[in-house]
Amino acid sequence: MVTTTATTNTDDINLLEEKGKKHNQIIQKTYQNNTDSDYTEKIASLTKKFNYADNSNYYWGKPELSVFYGTPIYEYASDSQKLALNHLYWVTQYTQTAATEANTILYNQITTGVLTKVGGYQTLCQELDLETYQERFHINAFQQIGYKTKISLLGKKFLGNPLYKNHQQEINSDNKLFNLQNWLNKLGFSKTQESFSDSLLRSIVRLMNGNNVKYYSSYLEEKYSENIPITRGGLVAYAASQSFIKFLTLNWGTSPFLASQYYALRMIGNMSLKAYEYSYYKLFKHLEKNNEFIPDPTAVSYYHLLDESFHTTMSQTISQDLYKDLPKPTEYEKLIANIVIYLAQKNIVGGFSAALPHVFRNDVSAMSTFYRFLTSPVFNMSKEDALNWMERSLCNENEGIHLNFKHHQDMIPAMCRFVEPMDFLWPVNREMKIMSKNSSIEKVLHSNTAAFQNFSQSLI
Ligand SMILES: [Fe+2]
Ligand SMILES: [Fe+2]
């Protein structure tokens, strides 16, 4: 067994070279470039100096990157409200990104614990540790800027209210196919089990992995000997119910192949982020070239994209290539890897918002956020006016929903190209059939209408 601390760099390079050239060179080069870069430091100093008042009169991204863009509310909004909607879009998106990057911190450490047991991946483990270090600064930047912006625009009353409600309830009731209980019942486990204790989940995962736990993550062993860690937000939490996520966490922390395939899920997140973050990057470049004022959040997005480009390279390399070095997957491991992509298609990119450009989920879990925006000091609407505008903007066809439908359509072939090299994936995943099937304005309007009715009734 080789540990990250016991292996010298030379040993590591030799082992890597034995295991194949191309992707190991990519890992070495990415780690080197990432170590040499100073983007994280730039983000940290921008976070420190951020003051909303200094940035409040400028667009942080192009107008298309605004909450409600293209909907009747946006048409109605004054110039200052449009500016606020542009800032609130940045805050909303990066609040989600912060939660997803908290997922990265957890799963990078779990993966490092698995690869340490496999041996020969010291540089990769160092790169993942570096990413984890960087994500802490990213999360801090998004939270600090988000907090100051929300206080300035929405007031203290808004704080404590999540920008999205907890979506677990929705996933639990909506997700019959991947309800862990239903699924395991089909495999012959207890029919009466209401929820799964951590020890039962451990037994199931051990059994399904043929009692092969020699690669069980040292991180989980050391930090989570009693309870299985929980993710309460971000992309992973969107994918499935809490029980199912714990089940996946154990699988990702037990099998080297499945550890590598967590990065397929992460890549879907990287691609979704880049779809809009690149636009902030271009704005930064344009402002810099013209010697114009660059708002701090725009600069944070710019440097974040640069930091994340290293992470994206790793997600792609690990999920598409590195798995070929690892022990060949069993049928069970292939099944779990397929389920993860299936869940991602269904719950992470399985639709699109009518009011948040580049968000590839319908607006079911965002109703309360939109309501709070409209009743906040930015719009100061009465309950009746807010509901009226929400219904017009979220439940009817308009330019906003058509634009986001196009963004979703553009993402489908990009996702297909990403999964194409993974030959263990089922056709439904390789061709992104669930994502394509749900790419429908009619379906979004249908679910938004039902969610809006529930939401408005809950206020009475
Ligand atoms: Fe990040
Ligand atoms: Fe990242």
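Given the residues 93, 32, 25, 81, which is the only one that is under 24 Å from the mean Cα position of the chain (by Cα) and either in a helix (DSSP H, G or I) or closer than 30 Å to residue 353 by Cβ (or both)?
Values: 32 fails: under 24 Å from the mean Cα position of the chain (by Cα); 25 fails: under 24 Å from the mean Cα position of the chain (by Cα); 81 fails: under 24 Å from the mean Cα position of the chain (by Cα).
Unique residue meeting the criteria: 93.
The single condition among (1) under 14 Å from residue 61 (Cβ atoms); (2) under 15 Å from the mean Cα position of the chain (by Cα); (3) touching a residue at least 60 places away in the same chain (Cβ under 8 Å); (4) within 16 Å of ligand 1 (Cβ to nearest atom) that residue 305 does not satisfy is (3). Does any residue of the stretch 141-159 turn out to be within 16 Å of ligand 2 (Cβ to nearest atom), of a type in the set (A, V, I, L, M, F, W, C) and at pLDDT 60 or above? Yes: one or more hits. None of 64, 101, 75 is surrounded by fewer than 23 Cβ atoms within 10 Å (Cβ to Cβ), at pLDDT 95 or above and part of a helix (DSSP H, G or I) except 75.
Pairs linking a residue in the stretch 268-292 that is under 16 Å from residue 58 (Cβ atoms) to a residue that is surrounded by 17 or more Cβ atoms within 10 Å (Cβ to Cβ) and small (Gly, Ala, Ser), with Cβ atoms under 7 Å and 6 or more positions apart or on different chains, are 279/61; 280/61; 280/301; 283/61; 284/299.
Cβ-Cβ contacts under 8 Å between residues 6 or more apart (or on different chains), taken from a first residue in the stretch 129-140 that is touching a residue at least 12 places away in the same chain (Cβ under 8 Å) and part of a helix (DSSP H, G or I) to a second residue that is more than 10 Å from ligand 2 (Cβ to nearest atom) and among the small types (Gly, Ala, Ser), are listed as 135/102; 137/44; 138/98; 139/98; 139/102; 140/44. Is it the case that residue 312 is surrounded by fewer than 24 Cβ atoms within 10 Å (Cβ to Cβ) and within 16 Å of the chain's Cα centre (by Cα)? Answer is yes for this residue. Considering the stretch 273-302, the residues that are among the basic types (Lys, Arg) and under 25 Å from the mean Cα position of the chain (by Cα) include one that is farthest from ligand 2 (Cβ to nearest atom), namely 282.
Is there a residue being away from ligand 2 (no atom under 16 Å from the Cβ) and under 30 Å from residue 64 (Cα atoms) anywhere in the stretch 307-327?
Checked against the condition, which is being away from ligand 2 (no atom under 16 Å from the Cβ) and under 30 Å from residue 64 (Cα atoms), the stretch 307-327 yields no hits at all.
Scanning the stretch 114-123 turns up no residue that is within 15 Å of ligand 2 (Cβ to nearest atom) and either buried (at least 23 other Cβ atoms within 10 Å of the Cβ) or part of a helix (DSSP H, G or I) (or both). The residue list 58, 39 contains one member that is closer than 29 Å to residue 236 by Cα, surrounded by fewer than 22 Cβ atoms within 10 Å (Cβ to Cβ), of a type outside the set (Gly, Ala, Ser) and modelled with pLDDT of 95 or more, which is 39.
Restricted to helices (runs of 4 or more DSSP H) entirely inside the stretch 351-460, those with at least 3 residues that are over 30 Å from residue 317 (Cα atoms) are 367-375, 383-394, 399-419, 441-459.
The values are calculated or read from the model by the stated rules, or taken from the named source; none is laboratory data. Owing to the predicted nature of the structure, the values given are computational and were not obtained by experimental measurement. So basically every Cβ, Gly included, is an ideal-geometry build from the backbone, and we count neighbours across all protein chains shown.
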